[in-house]
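Chemist: Right, I'll just put the structure down here and ask away after.
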Amino acid sequence: MYLDFSNNTKCCDSRTAFTLTPLPYGYEHLEPSIDRETVTIHHDKHQQAYVDKLNAAISKHPELFKKGVFEILSDLNALPEDIKKAVINNGGGVFNHEFYWSILGSKALNENSNLAKAITRDFGSFEAFKDIFTQTGITTFGSGWAWLISDADGKLSVVSTSNQDCPISEGKIPILTMDVWEHAYYLQYQNRRPEYITNFFNIIDWSKCEQYYDNI
């Protein structure tokens, strides 16, 4: 397993519920690109709701608490039908948000890193990648996510997912994500999603993205 999101992705034989993972930084850490109020409500209210609803679904089949969210979402066919949709929606909400917070923090991309070289190889240049990622975020209809993902061989691509769908359910490896649900930006940017996306690039922790790529 290449991701470590505390007690939500590690197996735990005694766990009876998933819990909200604390942010890896203070609520003000992403300002001015994302303000404190947005981060607080996004994490403490919206993400907590996904955790609560995931627990409600999994409690019907408590043996699944022994698995982590990553493991559960990686094999949707193993889920009981009566909770599958709820787990896709709310387990995805838990994983996607934890991944999102993990790649924010404002550290520049190392141009000599394996990830930087792969971006140039697969998109032509960093600027070309940035344009594609930006347009993917802008044009994602309704609620969803923009992703930079890798296949098992390290080839990169940019995709969007709707609602809380997650690339790991399709066997892909997330490297970078951007939340384009309105709750991610509306308090600060209202309907100006493109402005949010522009400022999002100021707060990416590329060292984490490099780590995720190197661990493929």
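Just so it is clear, none of the values below were taken in a lab; they were calculated from the coordinates. Computed from a prediction, not measured in an experiment: that's the story for all the values here. Virtual Cβ from ideal backbone geometry, glycine too; neighbours counted across all protein chains shown.
Chemist: Can you list the helices (runs of 4 or more DSSP H) found entirely within the range 156-216 that contain at least 2 residues being more than 12 Å from the chain's Cα centre (by Cα) and acidic (D, E)?
Modeler: Counting at least 2 such residues, we get 206-214.
Chemist: Another question, if that's okay. For the range 131-146: of the residues being of a type in the set (G, A, S) and under 21 Å from K172 (Cα atoms), which is surrounded by the fewest Cβ atoms within 10 Å (Cβ to Cβ)?
Modeler: S143
Chemist: Restricting attention to the range 133-151, does a residue exist that is among the β-branched types (V, I, T) and part of a loop (DSSP other than H, G, I, E, B)?
Modeler: Within the range 133-151 (the criterion being among the β-branched types (V, I, T) and part of a loop (DSSP other than H, G, I, E, B)), the answer is yes, since at least one residue qualifies.
Chemist: Looking at T16, is it farther than 18 Å from C166 by Cβ, in contact with a helix residue (DSSP H, G or I) (Cβ under 7 Å, 6 or more places away or on another chain) and buried (at least 19 other Cβ atoms within 10 Å of the Cβ)?
Modeler: Answer is no for this residue.
Chemist: Would you call Y213 touching a helix residue (DSSP H, G or I) at 6+ places or on another chain (Cβ under 7 Å) and over 16 Å from L109 (Cβ atoms)?
Modeler: Criteria not met by Y213.
Chemist: Taking the range 14-40 as the search range and keeping residues that are touching a residue at least 40 places away in the same chain (Cβ under 8 Å) and not in a loop (DSSP other than H, G, I, E, B), which one is farthest from A184 (Cα to Cα)?
Modeler: If we take residues in the range 14-40 being touching a residue at least 40 places away in the same chain (Cβ under 8 Å) and not in a loop (DSSP other than H, G, I, E, B), then E37 is farthest from A184 (Cα to Cα).
Chemist: May I ask you to list the residues in the range 68-85 that are surrounded by 11 or more Cβ atoms within 10 Å (Cβ to Cβ) and either under 19 Å from the mean Cα position of the chain (by Cα) or polar (S, T, N, Q) (or both)?
Modeler: Passing the criteria: G68, V69, F70, E71, I72, L73, S74, D75, L76, K85.
Chemist: Only residues that are closer than 19 Å to V180 by Cβ, part of a helix (DSSP H, G or I) and touching a Lys or Arg at 6+ places or on another chain (Cβ under 7 Å): list them for the range 72-118, please.
Modeler: Selection gives N90, S102.
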